[in-house]
Amino acid sequence: MKIVVIGGTGHIGSYLVPRLVASGHRVVVVTRGKSNPYHDHPAWGMVERVVMDREQAEKEGAFGKQIRELQADVVIDMLCFQVESARQLVEALRGSVQQIIHCGTVWVHGYMVQVPTTEDQVRNPIDEYGIHKCEIEAYLLDEARRNGFPVTLLHPGHIVGPGWIPVGPTGCHDVEAFARLARGEELCLPNLGMETLHHVHADDVAQAFAKAITHWSSAVGESFFIVSQAALTFRGLAEAAAGWFGKKANLRFLPVEEWKQTLPEQFVESALAHLNHSTNFSCAKAMQLLDYRPRYTSLQAVQEAVSWLIENGQLQVGARP
């Protein structure tokens with residue numbers, strides 16, 4: 001099939017595009033032309049790239065038409081953040097594609113009620129990003145159920161892998177938290193450190209996108225949480241990370257208002273967002289209907305990312321985990 005990937009050079013696309021090429025598909029990556037994939041792969045030599053400014057094209061009402069003119073069988077949209085963007089694409093592609101796959105987020109849920117959270121639980125987004133993604137999900141599923149539009153929604157957790165800093169035990173992308181644990185220094189955590197993070201390796205997310213295509217009949221009209229098979233507590237991640245370096249975690253627990261004062265200012269907002277969401281999701285539906293089989297546990301995925309940071313000089317600890 002001919003598959004168009006909007007935003008195909010990012011975290012997920014860097015793994016997904018080579019998967020699609022290896023499966024024999026013709027792949028077109030739509031990009032602003034400002035970034036390269038995170039990892040080199042011979043498959044990229046077989047990929048057609050189309051430079052397109054989505055924001056400007058949407059203002060002109062032309063983006064959907066430009067995507068339709070690529071004559072794709074499947075469109076994968078990694079970069080849709082407003083319901084109006086989704087609506088433009090749906091109206092332009094109606095009747096011309098076999099499937100559109102939208103990349104959402106587990107933050108369509110805000111606070112958890114029952115964990116691990118499943119797809120059938122009521123959405124309760126608590127931040128602007130989650131609210132917009134929830135509106136997109138509601139619109140797309142309504143189009144699927146009322147009008148038969150062939151859409152699938154995949155909601156990844158905290159994406160992690162080589163090439164970028166993972167969400168760490170302080171709930172943000174502060175690489176120094178891992179450095180402190182590696183050196184045996186004190187690390188402050190909120191409350192009792194029992195809030196949760198739910199990571200997923202980017203390659204496992206790519207696997208889910210590829211399987212949503214091959215399991216079309218089970219995927220269309222559905223949304224899926226794409227995560228590892230178990231979430232981690234802040235404390236559990238900190239203790240495991242210290243153990244990678246032969247150390248016992250030296251942890252101090254503080255009330256949230258005191259704890260956030262220990263964080264670098266640029267990470268406070270992100271850390272509080274991860275703390276308040278405290279994500280913990282089930283991927284059972286994706287395993288059952290898409291044959292999704294995550295290769296990485298959360299700890300394995302984070303450890304691989306930390307190893308990459310050390311090897312590439314972005315984390316100074318004097319040893320590998």
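Taking the alpha-carbon centroid of each part, what is the distance from the range 213-229 to the range 19-62 in angstrom?
22
Once the Cα atoms of the chain are picked out, what are the Rg and Dmax in Å?
Radius of gyration, then largest Cα-Cα span, for the chain: 20.0, 59 Å.
What is the order of S282, S298, fewest Cβ neighbours within 10 Å to most?
Listing S282, S298 from fewest to most nearby Cβ atoms yields S282, S298.
Please list, ordered by chain and number, the residues whose modelled amide H lies under 5 Å from the amide H of V30; skip anything fewer than 5 residues away on the same chain.
For V30, the qualifying residues are V5, I6, G7, G8, V50.
With no solvent and one equal point scatterer placed on each C-alpha of the range 188-321, evaluate the Debye formula and give log10 I(q)/I(0) for q = 0.11, 0.12, 0.21 Å⁻¹, two decimals.
Log10 I(q)/I(0), no solvent term: -0.51, -0.59, -1.25.
When Rg is the radius of gyration of the Cα atoms in the range 218-259 and Rh is its Kirkwood radius, what does Rg/Rh come to? Show your work: numbers first, answer last.
Working: Rg = 17.1 Å, Rh = 13.6 Å.
Taking Rg over the Kirkwood Rh, I get 1.26.
Lysines within cross-link reach of K211: Cα-Cα under 18 Å, excluding same-chain residues under 8 positions apart?
The qualifying lysines are K2, K285.
With 16 Å as the cut-off, how large is the P(r) tail for the range 278-320, expressed as percent of Cα-Cα pairs? Numbers along the way, then the final one.
Numbers: 506 of 903 pairs.
Above the 16 Å cut-off, the range 278-320 has 56 percent of its Cα pairs.
Just to confirm the number: angle between the C-alpha axis of helix 83-93 and the first principal axis of the chain, 0 to 90 degrees, nearest 10?
30
Viscosity 0.692 mPa s, temperature 37 °C: what is the translational diffusion coefficient of the range 122-162 from Stokes-Einstein with a Kirkwood Rh over Cα pairs, rounded to a whole number of µm²/s? Intermediate values should be presented prior to the final figure.
On the way: Rh = 11.8 Å.
The diffusion coefficient I find is 279 µm²/s.
Could you tell me how many degrees, from 0 to 90 and to the nearest 10, lie between the Cα long axis of helix 298-311 and the main elongation axis, the longest principal axis, of the Cα atoms of the chain?
Between helix and principal axis, roughly 80 degrees.
Just to check, using Stokes-Einstein with a Kirkwood Rh over alpha carbon pairs, what's the diffusion coefficient of the range 59-134 at 25 °C and 0.890 mPa s in µm²/s? Let's see the in-between values first.
Values: Rh = 14.0 Å.
Estimated diffusion coefficient is 176 µm²/s.
Report the Cα centroid-to-centroid distance between the range 85-99 and the range 139-203 in angstrom, as an integer.
The distance from the Cα centre of the range 85-99 to that of the range 139-203 comes to 29 Å.
Taking the 0 to 90 degree range and rounding to the nearest ten, how far is the long axis of helix 202-214 tilted relative to the main principal axis of the chain, both from C-alpha atoms?
30
If each DSSP helix of 4+ residues adds -39,500 (n - 2.57) and the sum is divided by the residues in the chain, what number results at 222 nm, nearest 500 deg cm²/dmol? Write down the numbers at each step before the final one.
Numbers: 13 runs with 123 residues, N = 321.
About -11000 deg cm²/dmol.
Two-decimal Rg/Rh of the range 2-140 from alpha-carbon positions, Kirkwood Rh? Mind showing how you got there, number by number?
Details: Rg = 16.0 Å, Rh = 16.1 Å.
That ratio equals 1.00.
Taking neighbour Cβ counts within 10 Å as the exposure measure, how do K133, K247 sort from fewest upward?
Values: K133 26, K247 16.
Ordered by Cβ neighbours within 10 Å, fewest first: K247, K133.
FYI, it's all coordinate maths here, none of it is from the lab. Predicted model, so just to flag it, every value in this text is computed and none were measured. Glycine gets a Cβ as well: all are built from the backbone with ideal geometry, and neighbour counts include every protein chain shown.
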